[in-house]
Amino acid sequence: MAHHDELPAGVVRTPDERFVDLPGFPYQPRYATVTAEGTAPLRMHYVEDGPETGEVVLLLHGQPTWSYLYRHVIPVLAAAGLRVIAPDHIGYGRSDKLVERTDYTFARHVQWMVSFVNALDLEGVTLLAQDWGGPIGLSALAAQPQRFARVVAANTILHTADPALADRLVWANHGLGEHRVVLEEALVDYLLYYYRAPDIVASFFVDAVAGPLPRGVLAAYDAPFPDARYKAGLRQMTGLLPLTRNDPGAAIGRSTMNALAHFERPFLTAYSDGDPATAGWERVFQEWVPGAAGQAHARIAGAGHFLQEQKGEELARIVAQFIAATPAS
């Protein structure tokens with residue numbers, strides 16, 4: 001395992017002291033080595049709780065958060081007898097961070113996650129994915145469907161800019177005719193902000209959507225990012241969101257949607273009632289994925305995009321009940 005003096009060129013690692021005594025997050029850091037095409041092996045951080053013999057639940061965060069987002073979810077799932085694993089994507093949390101923004105691609109994020117699942121040799125996995133955890137996690141599932149037993153999609157998306165998405169999503173993102181696109185203004189504004197702002201603060205949007213949050217919690221969201229050198233992945237991820245049919249990410253999304261069209265294992269949606277950015281995707285998944293038929297899809301009241309922050313215990317109970325109700329075959 002790499003030490004501080006063995007970091008590959010172009011990689012930084014957030015100092016451990018940034019993560020001391022974070023509120024509500026008593027977990028010891030664990031690490032796996034992950035690989036992706038065109039980059040050196042990197043260290044991916046994760047936390048784990050619950051019995052080692054329990055069914056595996058893989059909790060995937062998105063942008064601009066890290067595994068800390070799941071601190072209200074983890075103990076409930078662990079208490080239900082599940083083995084809970086919550087990694088940080090490369091560029092986030094305690095995971096290694098590439099300093100060059102363009103070193104981050106959608107394809108590499110998927111490869112790193114596939115590598116992580118393989119490194120821990122996870123099987124019978126229940127995937128719980130929110131925000132970018134969906135595109136990354138669902139695409140990892142598409143690469144290795146045999147490792148996944150179930151999915152819970154929570155406030156996530158899988159943009160392909162497909163014209164068939166017209167009038168399906170609250171935040172429009174679809175092709176029109178042969179050569180045009182329809183895009184929600186707020187979506188474009190969000191992407192451009194992350195490209196253009198002189199500095200970005202991870203906690204800003206979490207607090208805006210799920211706050212007001214205590215100062216210590218805001219500091220925990222900002223802990224991975226001491227200065228601009230650590231923020232390349234944080235900045236680039238929004239720019240990887242597909243806005244056209246020609247985007248390489250849209251091609252990944254189409255491939256993953258095709259795989260999901262054959263996913264017959266249990267698939268649950270658990271979306272909040274206050275997240276326009278992802279609203280409509282729950283119906284797309286319910287109608288597209290065979291394993292979603294007949295499931296007790298959940299609508300969580302009183303939460304925005306970061307439902308783990310506002311309704312984490314409720315989300316965890318929904319996941320635990322779903323697993324109990326759908327024994328792995």
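Distance from the Cα centre of segment 159-180 to that of segment 196-220, in angstrom? Going from one Cα centre to the other spans 30 Å. Summarising the amide proton neighbourhood of residue 156: residues at separation of 5 or more, or on other chains, whose placed amide H is nearer than 5 Å comprise 131. For segment 1-152, the calculated P(r) over all alpha carbon pairs, in 10 Å bins from 0 to the bin holding the longest distance, is 11, 44, 35, 10, 0 percent. Normalised size of the chain, defined as Cα radius of gyration per 2.2 N^0.38 Å with N residues, equals 0.92. In this structure the amide hydrogen of residue 47, modeled in the peptide plane, comes within under 5 Å of the amide hydrogens of 86, none closer than 5 places in sequence on its chain. Karplus-based coupling profile of segment 25-34, in residue order and whole Hz: 9, x, 7, 6, x, 10, 9, 10, 8, 10, with θ = phi - 60° in 6.51 cos²θ - 1.76 cosθ + 1.60 and x standing for Gly or Pro. Across segment 127-268 the C-alpha pair distances fall into 5 Å bins from zero in the proportions 2, 9, 15, 18, 18, 16, 13, 7, 2, 0 percent. Can you give the calculated 222 nm mean residue ellipticity of the chain, where each DSSP H run of n ≥ 4 adds -39,500 (n - 2.57) and the sum is split over every residue, rounded to the nearest 500 deg cm²/dmol? The helix contribution divided over the chain gives -10000 deg cm²/dmol.
Once divided by 2.2 N^0.38 Å, the Cα radius of gyration of segment 259-298 becomes 1.15.
Scanning residues 5 or more positions from residue 7 or on other chains, none has an amide H under 5 Å from its amide H, with H placed 1.01 Å from N in the peptide plane. For segment 117-206, the Kirkwood hydrodynamic radius comes to 15.6 Å, computed from all pairs of different C-alpha atoms.
A simple rule links phi to the HN-Hα coupling: the Karplus curve 6.51 cos²θ - 1.76 cosθ + 1.60 with θ = phi - 60°, which for segment 257-265 gives 4, 5, 5, 5, 5, 10, 8, 9, 6 Hz, with x for Gly and Pro. Phi angles across segment 150-156 convert, under the Karplus curve 6.51 cos²θ - 1.76 cosθ + 1.60 with θ = phi - 60°, into 3J(HN,Hα) values of 7, 9, 10, 9, 10, 6, 9 Hz, Gly and Pro given as x.
With the convex hull constructed from alpha-carbon coordinates only, segment 26-93 shows a mean projected area of 4.9 nm² over all directions.
Considering only beta bridges that DSSP places wholly inside the chain, some 45 percent are antiparallel. Pairs of Cα atoms nearer than 8 Å and 6+ residues apart set the relative contact order; for segment 31-185 it is 21 percent.
Straightening the chain between residue 178 and residue 9 buys 56.5 nm, computed as 0.36 nm per residue apart minus the Cα-Cα spacing.
Bear in mind these aren't lab numbers, they're just calculated from the coordinates by the rules spelled out. None of the values given here were measured: they were computed from a predicted structure.
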